[in-house]
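Trainee: The structure is given below, and queries will be raised subsequently.
Where a number appears in this text, it was derived from the coordinates with a stated rule and is not lab data. As the structure is a prediction and not an experimental result, all values here were calculated from the model. For neighbour counting, all protein chains shown are included, and Cβ atoms are generated from backbone atoms with ideal geometry for every residue, glycine included.
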Amino acid sequence: MVGGNAIRGMRIGASGPSSESERGETAPRNIVSYWCANGHESRRSFALDAEIPDEWDCPKCGLLGGQDEQNPPSAGRAEPFKSHLEYVKERRSEEDGQALLEEALEKLRQRRGRA
Ligand SMILES: [Zn+2]
């Protein structure tokens, strides 16, 4: 039952009112659209008494989608921008570590050279 809701919702939107009475199932539904940061729209239909989530994972790219088309949520688990930043941070700390190591070795050499 629940699994078929999305498909039925899309068909209602596409083909007009006649398909609604297909199985005598005329329970009214909330159709909610979610947009992800990539501009994908995914429509979900919810029962009127169901709790409608503010955000929904985009089925196309996996980003989090929001109900505001103009302002989709950009902070997500799978956001590539963030992981790039993480990557840069990792690189930087690695280089810092390398520099510290070089510095320590240099001091060691100097100390040995004088001793
Ligand atoms: Zn998407």
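Trainee: Contact list please: Cβ distance under 6 Å, first residue in region 59-72 and basic (K, R), second residue within 12 Å of the ligand (Cβ to nearest atom), pairs at least six apart or on different chains.
Mentor: Hits for this filter: K60/H40.
Trainee: Hey, another quick one. Provide a single number: the residues in region 27-61 that are within 8 Å of the ligand (Cβ to nearest atom) and either more than 21 Å from the chain's Cα centre (by Cα) or among the aliphatic types (A, V, I, L, M) (or both).
Mentor: Qualifying residue count, region 27-61: 1.
Trainee: How many residues are on the phi > 0 side of the Ramachandran plot and touching a Pro at 6+ places or on another chain (Cβ under 6 Å) when one looks only at region 25-73? Lay out the reasoning, then the answer.
Mentor: In the first step, residues of region 25-73 are kept if they are on the phi > 0 side of the Ramachandran plot; the result is 39, 62.
Now narrow it down to the ones that are touching a Pro at 6+ places or on another chain (Cβ under 6 Å): none.
Looking only at that region, the number is 0.
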